[in-house]
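What follows is a short report on a single structure.
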Amino acid sequence: MSKPKVIVTRRWHPEVEAVLVDRFDTQLNDDDHSMSVAELQDALRNADAVLPTVCDKVTAEVLGADNMRAKILGSNGVGFNHIDLDAAKAAGLTVTNTPEVLTDCTADLALTLLLAIARRSGEGERHLRNGEWTGWRPTHMMGSSVTGKTLGLIGMGRIARAVAARAAHGFNMKIIFHDPFPPRAEDIAGLNVTQCTSPEEVFAQADFISLHCPGGKETYHLIGSEAFKAMKPGAFLINTARGDVVDEAALVTALESGEIAGAGLDVFEQEPTVNPGLLQMENVVLLPHLGSATQETRKAMGMRVVENIEAFFAGDTPRDKLV
């Protein structure tokens, strides 16, 4: 019996690629280039499964390819706003993602950004590397304390709850949150969090605001000029969710005017393009979408995709099925 044909759109963890090659008729993206619309359409025509990542825009145009052979998209990542799920469903495709396995890794990075922007560590390293440091002095590069401050979370899913645990137990932070679909009481037991009735209530109280909501139409530019006006003076914004949740032009304005004190960003509205205004600022920390970027997590994500497509080809329902 022939093996299902699988096309992988980018390079994955080498151990995962080895498993894919062993278990399927697998075509890898040897030079790790970003596939064009035409290449993604060809993949859908020539494979039983296409394995995209969050950097692949699987749009209605892509999914409109004629004579599609593919039956499943095994996406490598927890987010899925890069895939037009309605178009995928209409095309008869099953779509899966990789939740749970990147929770701790992404929560760690959110705290990394929070600490880095509060304590000006990126700015400080540049200062030192550029040979500008002349020695310790009492007024030099003062940042903001983190311990005991208020952390506001927009969204209260797995990653947000992991951030809350780290912030509350590690830094004695007061945790507030807003989520239109709040978690069960047992999921937040022991976190000592306070639920707010609106994002604006979070903005008005939080010293640090960390975004943990999905991307897409419902949250597009949720954080814009009105949100920045509602934030406390001196607040910091952290985004490890999706870039299009933040209106970057409004963020630049808020940072330039001092409406907020700083921002730590791991995701961007037009990835991999970054708003030029942000690149010129010292009061931002910018990372190249590293939320899940550890050896352990990227391997686990890839193996979760393997599990999903193996279940599909065995005639079972993948546990991470979206449509």
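Table for the structure above
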item: Residues with amide H under 5 Å from that of residue 262, placed H, sequence gap 5 or more; result: 237
item: Length released on extending from residue 1 to residue 115, taking residue separation times 0.36 nm less the Cα-Cα span; result: 35.6 nm
item: Two-site label geometry, residue 294 and residue 57: point separation in nm, points 7 Å out along Cα→Cβ; result: 3.3
item: Three-way shape call for the range 18-101 based on the alpha-carbon gyration tensor, with the a/c threshold at 1.5; result: rounded
item: The range 119-180: C-alpha gyration tensor shape, a/c 1.5 cut-off, then a/b vs b/c; result: prolate
item: Pairs beyond 28 Å (Cα-Cα), from 71/217; 174/217; 174/299; result: 174/217; 174/299
item: Cβ charges +1 (Lys, Arg) and -1 (Asp, Glu), total dipole of the range 139-197, debye; result: 120
item: Residue among 280, 219, 169 farthest towards the positive dipole end of the chain, charges placed on Cβ; result: 169
item: Nearest-20 debye value, the range 103-286 charge dipole, Cβ charges on Lys, Arg, Asp, Glu; result: 600
item: Extension gain from residue 140 to residue 186, taking 0.36 nm per residue of separation minus the Cα-Cα distance; result: 12.1 nm
item: ³J(HN,Hα), Karplus 6.51/-1.76/1.60, whole Hz, each residue of the range 204-218, x for Gly, Pro; result: 5, 10, 7, 7, 10, 10, 10, 8, 9, 9, x, x, x, 4, 5
item: Whole-Å distance, taken between Cα centres, linking the range 257-323 and the range 1-66; result: 19
item: Segments 184-191, 294-301, 244-251, 97-104 sorted - mean Cβ within 10 Å per residue, highest first; result: 244-251, 97-104, 294-301, 184-191
item: Estimated [θ] at 222 nm from DSSP helical runs (n ≥ 4, -39500 (n - 2.57)) normalised by residues in the chain, nearest 500; result: -10500 deg cm²/dmol
item: Packing rank of 22-34, 274-286, 135-147, 110-122, where each peptide gets the mean count of other beta carbons within 10 Å, highest leading; result: 110-122, 274-286, 22-34, 135-147
item: Extreme residue, positive dipole direction of the range 103-286, given options 241, 268, 196 (C-beta unit charges); result: 196
item: Efficiency of FRET from Cβ geometry, residue 279 and residue 11, R₀ 22 Å, rounded to 0.05; result: 0.25
item: Rounded Å value of the spacing that divides the Cα centres of the range 203-227 and the range 120-141; result: 31
item: Prolate/oblate/rounded call for the chain, Cα gyration tensor, a/c under 1.5 rounded; result: prolate
item: Taking the chain and dividing mean pair separation by its residue count, relative contact order in percent (alpha carbons under 8 Å, at least six apart); result: 17
item: Student exercise, the chain dipole from Lys, Arg, Asp, Glu Cβ charges, in Debye to nearest 20; result: 680
item: Distant-in-sequence amide H partners of residue 94 (H built 1.01 Å from N, under 5 Å); result: 72, 73
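Each value in this text was obtained by applying a stated rule to the coordinates, not by laboratory testing. Since the model is a prediction, treat every value here as computed from it, not as a measurement. When we count neighbours, we look across all protein chains shown, and the Cβ atoms used for this are built from the backbone with ideal geometry, even at glycine.
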